[in-house]
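Quick notes on the structure that follows.
FYI, it's all coordinate maths here, none of it is from the lab. In this text, all values refer to a predicted model and were calculated from it rather than measured experimentally. Virtual Cβ from ideal backbone geometry, glycine too; neighbours counted across all protein chains shown.
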């Protein structure tokens, strides 16, 4: 009696295993992987990206004076029409150093970036860039006459890296400050031309032991070529 029951049970298990094996063979590979390894198939981070701390592309801003969310330090910055686009423009004169502040006051775990456009005139070329920490904080400055990007603290050059600027092409500038320890901060800077990929390795990276200055982000420019400098897609976001 027990032997018959055991035989029936074994036969039933064999049939079920054959059915299961046949079913798996008919399934798409991705579905089989999901069934056999559910932890792996759900391990990807699906949490939504954090919104930026500040973002401005000027598409909803009227041409003319800057909105109240900006603080001009020096320069006749205005929102200008450029075809179907609107952007921030610094005129080609006077030939001086100009900047404008925007976004929240912060000093760590933050990235500032913008797209910047200008052009050379004969041998004269502008300088421009993005900053963090207000007027006296860190800045990335594109220096076309030196074929370089520079990391500045206030007005002092801390270090630099080679960079080939393309006149008349938008340049992406990005500056990041991240706290790595109780008294350790990483300051990174990079730039790339529109149409190129962002450098995977940051060409400028230093370690600081003094707390970065707290302040707003900025864009800056010196129109030494006598041509306007245009800024667009200003953004401040968190950084790890």
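Quick notes
- For peptides 220-226, 193-199, 92-98, sequence by mean Cβ density within 10 Å, most packed first: 220-226, 92-98, 193-199
- Segment 54-238: proportion of alpha-carbon pairs further apart than 20 angstrom, %: 49
- Sorting the segments 114-120, 70-76 by their residues' average number of neighbouring beta-carbon atoms within 10 angstrom, most packed first, yields 114-120, 70-76.
- Average projected area [Cα convex hull, segment 47-104], square nanometres: 5.5
- Segment 168-240 versus segment 49-101: alpha-carbon centroid distance in Å: 17
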